[in-house]
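The values are calculated or read from the model by the stated rules, or taken from the named source; none is laboratory data. Just so it is clear, the structure is predicted and the values come from calculations on it, not from any experiment. Methodologically, a virtual Cβ is constructed for each residue, glycine included, from the backbone with ideal geometry; neighbour enumeration extends over all protein chains shown.
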Amino acid sequence: MIVRILTEGQFEIPDTLVERLNELDNAVLAALDSGEEQEFKVSLAALLGAVREAGTPVAADFLGASDATLPYADATVEETRALLKSDGLIPG
């Protein structure tokens, strides 16, 4: 899976991490639903951190599509909502 973090680039994510990313995605969604800004920031930071830590950066000249697009670290609730798909930020 290729995940793009806006303003940072793309990361190739091993299949073994997808379930964990979905758990973190669910935490972001719950924070969005509750309207808790601090909870949103913490859960988004955890999701982005997991992608950065376990993902392998994709070469800058790679032109393939991303499977998921995540907001940048300082994104607002509204900016994040604009990226949501029917199953959240991470497909699956």
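Does any residue in region 58-80 that is at pLDDT 95 or above come within less than 8 Å, Cβ to Cβ, of a residue that is hydroxyl-bearing (S, T, Y) six or more places away or on a different chain, and which pairs are these?
Hits for this filter: P71/T80; Y72/T7.
Out of region 3-17, which residues are touching a residue at least 60 places away in the same chain (Cβ under 8 Å) and either within 11 Å of the chain's Cα centre (by Cα) or loosely packed, with under 14 Cβ neighbours inside 10 Å (or both)?
Within region 3-17, the subset touching a residue at least 60 places away in the same chain (Cβ under 8 Å) is 3-8.
Residues satisfying the conditions are V3, R4, I5, L6, T7.
With respect to L48, is the statement that it is surrounded by 13 or more Cβ atoms within 10 Å (Cβ to Cβ), among the hydrophobic types (A, V, I, L, M, F, W, C) and within 14 Å of L24 (Cα to Cα) true?
Details: surrounded by 13 or more Cβ atoms within 10 Å (Cβ to Cβ): yes; among the hydrophobic types (A, V, I, L, M, F, W, C): yes; within 14 Å of L24 (Cα to Cα): yes.
Yes; evaluated as a whole, the condition is true for this residue.
Just to be sure I understand, how many residues within region 41-57 are in contact with a strand residue (DSSP E or B) (Cβ under 9 Å, 6 or more places away or on another chain) and either at pLDDT 95 or above or among the polar types (S, T, N, Q) (or both)?
Let us first name the residues in region 41-57 that are in contact with a strand residue (DSSP E or B) (Cβ under 9 Å, 6 or more places away or on another chain), namely 44, 47-48, 51-52, 54-57.
Filter once more, keeping what is either at pLDDT 95 or above or among the polar types (S, T, N, Q) (or both): 44, 47-48, 51-52, 55-57.
Matching residues across region 41-57 total 8.
Identify all residues within region 28-52 that are under 18 Å from T7 (Cβ atoms) and not hydrophobic (A, V, I, L, M, F, W, C); write none if there are none.
Selection gives K41, G49, R52.
Looking at region 20-40, which of its residues are in a helix (DSSP H, G or I), acidic (D, E) and at pLDDT below 95? Walk me through how you get there before you give the answer.
To start, the set of residues in region 20-40 that are in a helix (DSSP H, G or I) comprises 20-34, 37-40.
Within this subset, residues satisfying the condition of being acidic (D, E) are 23, 25, 33, 37, 39.
Within region 20-40, D33, E37 qualify.
Which condition number does T69 fail, the rest of (1) closer than 19 Å to D87 by Cβ; (2) assigned to a helix (DSSP H, G or I) being met?
(2)
Please state which one of G92, G88, G55, G35 is surrounded by 15 or more Cβ atoms within 10 Å (Cβ to Cβ), on the phi > 0 side of the Ramachandran plot and of a type outside the set (D, E).
Numbers: G92 fails: surrounded by 15 or more Cβ atoms within 10 Å (Cβ to Cβ); G55 fails: on the phi > 0 side of the Ramachandran plot; G35 fails: surrounded by 15 or more Cβ atoms within 10 Å (Cβ to Cβ).
Matching residue, one of G92, G88, G55, G35: G88.
Taking the residues in region 58-85 that are surrounded by 11 or more Cβ atoms within 10 Å (Cβ to Cβ) and of a type in the set (D, E) as candidates, determine which candidate is nearest to I2 (Cα to Cα).
Our first condition is that a residue be surrounded by 11 or more Cβ atoms within 10 Å (Cβ to Cβ); within region 58-85, this holds for 58, 62, 66-73, 75-77, 79-81, 83-84.
Restricting the remaining residues to those that are of a type in the set (D, E) gives 67, 79.
Working: D67: 5, E79: 21 Å.
Looking at the filtered set, the residue picked out is D67.
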